[in-house]
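What follows is a short report on a single structure.
The values are calculated or read from the model by the stated rules, or taken from the named source; none is laboratory data. Just so you know, these numbers come straight off a predicted model, no measurement behind them. Positions of Cβ are generated from backbone atoms using ideal geometry, with glycine treated the same way; all protein chains shown enter the neighbour counts. Surface areas here come from the heavy atoms of the whole protein model, side chains and all, with no ligands, DNA or RNA. Shrake-Rupley method; radii C 1.70, N 1.55, O 1.52, S 1.80 Å.
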Amino acid sequence: FCFAASRPKHLLVFINPFGGKGQGKRIYEKTVAPLFTLASITTEIIITEHANQAKETLYEINTDSYDGIVCVGGDGMFSEVLHGVIGRTQQSAGIDPNHPRAVLVPSTLRIGIIPAGSTDCVCYSTVGTNDAETSALHIIIGDSLAIDVSSVHYHNTLLRYSVSLLGYGFYGDLIKDSEKKRWMGLVRYDFSGLKTFLSHQYYEGTLSFLPAQHTVGSPRDNKPCRAGCFVCRQSKQQLEEEEKKALYGLENAEEVEEWQVTCGKFLAINATNMSCACPRSPGGLSPFAHLGDGSSDLILIRKCSRFNFLRFLIRHTNQEDQFDFTFVEVYRVKKFHFTSKHVEDEDNDSKEQEKQKFGKICKDRPSCTCSASRSSWNCDGEVMHSPAIEVRVHCQLVRLFARGIEEES
């Protein structure tokens, strides 16, 4: 293979000196910078001093002279750069990202991740390890991997983009509680996880989703996403065929594909665009999710006993099928909407007819009179407050300096 044409020559590097264990600057200077020098790669380095600095910088500067953006830090740092790259690209193309149906333009800038965070989920799920030297070599070689990005809207406002986890209920409560305990360091995730598990809070709401009929895989097919993935390649081709038919008026894809509706009491609602693997959970939340197939795996964990929920959580650390429970459902989707019972109740107060309508749909709570609890969303490790969201997957919207996880020999 000849990588010369795609190898970067000039990079913009953002370093978060505070993320994870606070080792970002040291990791870059000791491990990554010498490799870039040997490869004759020039860099411009920005050490961030406050939240969203990387995102704001990417909106303000001219990025034409750079062959890529490198972020040194954890998933939060990557999310900042992701939002900056996507937002700047849409701004230049004159596209309004607040419109839920806007067709977003892929960015030509690749993003490199030098892991220096607490979980490094995105790096681990796309490279297979959270080793800084390995990631640096992928950047030097000029590897390229296109990944899906989900846009999250509330009414006609873009809330955030997500590449890994959108979690409501358990994972939303966990991240919200851990934010209040940053003084504890990394142990705060264990503490908040135990506290959230013991509270065993469930939430009510309604989900509607559009199944991803274009995909050639499924969440339980035992086919993990690997370098040169056939499932991602074929699914993207099928999706493009669907879009062409809709473009030329041969069919309306959303009319052909029927939305499915479900509701009830949930301990957790998770949507993953990738496996969400990390050293603690090598399989991740959805072991056979794909990076670039234009879909998200929607995982519903309905109300169950604390013991059964513990059994489900333990499955994330071993090789057993974590979806093999009666209270767990998983769907591969390309769009979904969620509305918490709070919003439904507000509508019910003003529209008695709506109350009767939802009573027919939701068989498991027609006589429920208790007040509904409210959770938050965990969006790639950041807290997001919204009682209702509209999520859409954008196929292969951004490119990373990566090649996917290699097949084990």
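Data for the structure
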| read-out | value |
| --- | --- |
| Cα centroid of segment 190-217 to Cα centroid of segment 121-171, whole Å | 19 |
| Folded to 0 to 90 degrees: helix 170-179 orientation relative to the chain principal axis, Cα | 50 |
| With every protein chain in place, segment 10-143: carbon and sulfur % of accessible area (1.4 Å) | 49 |
| Order by protection proxy (mean Cβ within 10 Å, highest first), peptides 135-146, 96-107 | 135-146, 96-107 |
| Whole-percent pair-distance distribution, where bins are 10 Å wide, for the alpha carbons of segment 10-143 | 13, 44, 34, 9, 1 |
| Degrees between helix 132-141 axis and first principal axis of the chain (Cα, 0 to 90, nearest 10) | 70 |
| Expected 222 nm ellipticity per residue - DSSP helices of 4 or more, -39500 (n - 2.57), all of the chain, to 500 | -9000 deg cm²/dmol |
| Mean Cβ count within 10 Å, highest first, over the residues of peptides 196-207, 326-337 | 326-337, 196-207 |
| Helix 341-350 vs. the chain, principal-axis angle (Cα, 0 to 90°, nearest 10) | 50 |
| Accessible area per residue in Å² at 1.4 Å probe, computed on segment 156-283 | 49 |
| Ranked packing of 274-286, 209-221, most packed first, by mean Cβ within 10 Å | 274-286, 209-221 |
| Segment 10-143, accessible area per residue, ligands and nucleic acids excluded (1.4 Å, Å²) | 42 |
| Of Lys223/Lys335; Lys181/Lys341; Lys21/Lys55, those spanning more than 25 Å from alpha-carbon to alpha-carbon | Lys181/Lys341 |
| Rel. contact order, % - alpha carbon contacts under 8 angstrom, at least six apart, segment 131-243 | 14 |
| 20 Å binning of all Cα-Cα separations within the chain, expressed as whole percents from 0 upward | 26, 58, 15, 1 |
